[in-house]
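Participant: First the structure, which I've put down as structure tokens, then a few questions once you've had a look.
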Amino acid sequence: MVKKYTGVAIALHWIIAVGIIVNAALPWIWEAVSDDAVRPLIDAHKSIGVTVLGLAVMRLLWRLTHRPPALPASYKPWEVTASHAAHWALYAIIFAMPLTGWIMDSAWKDAATHPMHWFGLFEWPRIAPVMALDEATKKSVHDSFGAAHSLLGWVLYGLFALHVGAALKHQWMDGEAELQRMLP
Ligand code: HEM
């Protein structure tokens, strides 16, 4: 009998995974399209990003109040340590990506004249203390958080590859019912 995550944990895992994958893909797409098409893609990226942030808060609260199923007994001690480390790094990145993006966007020089709308439905707030900074500080906040956002993007690609690679290794090479743990 496979020990599974709870239904809520499974739903949050896959919705956040789709949000992260789409948001990691969008910058590659907007680099390639014409200038007119870029703005709606960046707007969608921001809306998906803040949604991921909200879901990440729910997910962390759920994780802290619900013990996940024990890892399969076949895991070697180093695999247990590595999987815990990778999972907490993934938790950190699902917060760090949207937070650095939101801070960068709040420090954007044109933020006041270009309000952000959540999927076009309602205005999403910028971070007021960041918008209140003087122009020079705002520029340095924008540039440094933009650089962090970009760097974390590369960390994300690495962690994602490790996470998927490890899950598939346990599934196919070790013969564990690994994916079933995170499937309804
Ligand atoms: C799931 C969360 C997010 C992920 C995975 C993500 C990922 C990325 C990646 C990989 C890039 C390309 C960086 C580069 O050019 O090297 C990027 C760019 C960008 N992101 Fe995000 N992002 C997320 C959330 C957000 C949020 C919440 C905002 C703003 C509210 C945001 C605003 C931006 C902007 C404005 C850029 C373009 C920067 C530029 O080239 O000028 N992102 N994002």
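The values are calculated or read from the model by the stated rules, or taken from the named source; none is laboratory data. These numbers were taken from a predicted model, which means no experiment stands behind them. Because the Cβ atoms are built from the backbone with ideal geometry, glycine has one as well, and the counts that use them run over all protein chains shown.
Participant: Condition check: hydrophobic (A, V, I, L, M, F, W, C), more than 15 Å from the ligand (Cβ to nearest atom) and in a helix (DSSP H, G or I). Does Ala166 satisfy that?
Facilitator: Yes, satisfied.
Participant: Going residue by residue through region 30-50, is there one that turns out to be out of contact with any strand residue (DSSP E or B) (no Cβ under 7 Å at 6 or more places or on another chain), under 16 Å from Leu159 (Cβ atoms) and either at pLDDT 95 or above or of a type in the set (Asp, Glu) (or both)?
Facilitator: no
Participant: Among the candidates Asp105, Asp174, which residue alone is under 27 Å from Trp14 (Cβ atoms) and at pLDDT below 95?
Facilitator: When all the criteria are applied, what remains is Asp174.
Participant: Count, please, the residues in region 9-36 that happen to be of a type in the set (A, V, I, L, M), more than 9 Å from the ligand (Cβ to nearest atom) and closer than 20 Å to Met58 by Cα.
Facilitator: Going through region 9-36 one residue at a time, the tally reaches 7.
Participant: Also, I was wondering about something else. Would you pick out the residues in region 158-184 that are of a type in the set (Phe, Trp, Tyr) and either in contact with a Pro (Cβ under 8 Å, 6 or more places away or on another chain) or surrounded by 15 or more Cβ atoms within 10 Å (Cβ to Cβ) (or both)?
Facilitator: From region 158-184, those of a type in the set (Phe, Trp, Tyr) are 160, 172; that's our starting set.
The one that is of a type in the set (Phe, Trp, Tyr) and either in contact with a Pro (Cβ under 8 Å, 6 or more places away or on another chain) or surrounded by 15 or more Cβ atoms within 10 Å (Cβ to Cβ) (or both): Phe160.
Participant: Still on this structure, please answer the following. For region 66-102, what are the residues that are farther than 30 Å from His45 by Cα and either within 16 Å of the ligand (Cβ to nearest atom) or among the hydroxyl-bearing types (Ser, Thr, Tyr) (or both)? Spell out how you get there, then give the answer.
Facilitator: First pass over region 66-102, keeping only residues farther than 30 Å from His45 by Cα: 66-82.
Ser74, Tyr75, Thr81 - these are the residues of region 66-102 that are farther than 30 Å from His45 by Cα and either within 16 Å of the ligand (Cβ to nearest atom) or among the hydroxyl-bearing types (Ser, Thr, Tyr) (or both).
Participant: Does region 51-63 contain any residue that is on the phi < 0 side of the Ramachandran plot and more than 18 Å from the chain's Cα centre (by Cα)?
Facilitator: The answer is no, given that none of the residues of region 51-63 is on the phi < 0 side of the Ramachandran plot and more than 18 Å from the chain's Cα centre (by Cα).
Participant: Report, by residue number, each residue of region 103-129 that is within 14 Å of the ligand (Cβ to nearest atom), out of contact with any Phe, Trp or Tyr (no Cβ under 6 Å at 6 or more places or on another chain) and of a type in the set (Phe, Trp, Tyr).
Facilitator: Those that are within 14 Å of the ligand (Cβ to nearest atom), out of contact with any Phe, Trp or Tyr (no Cβ under 6 Å at 6 or more places or on another chain) and of a type in the set (Phe, Trp, Tyr): Trp108, Phe119.
Participant: Which members of region 141-150 meet the condition of being more than 8 Å from the ligand (Cβ to nearest atom) and under 16 Å from the mean Cα position of the chain (by Cα)?
Facilitator: Hits for region 141-150 are Phe145, Ala148.
Participant: Kindly list the number of the only condition in (1) within 12 Å of the ligand (Cβ to nearest atom); (2) under 16 Å from the mean Cα position of the chain (by Cα); (3) touching a residue at least 40 places away in the same chain (Cβ under 8 Å) that fails for Asp43.
Facilitator: Against the list (1) within 12 Å of the ligand (Cβ to nearest atom); (2) under 16 Å from the mean Cα position of the chain (by Cα); (3) touching a residue at least 40 places away in the same chain (Cβ under 8 Å), Asp43 comes up short only on (2).
Participant: For the condition touching a residue at least 24 places away in the same chain (Cβ under 8 Å), in contact with a helix residue (DSSP H, G or I) (Cβ under 8 Å, 6 or more places away or on another chain) and of a type in the set (A, V, I, L, M, F, W, C), what is the one hit in Val22, Val38? Steps first, please.
Facilitator: On the way: Val38 fails: touching a residue at least 24 places away in the same chain (Cβ under 8 Å).
Unique residue meeting the criteria: Val22.
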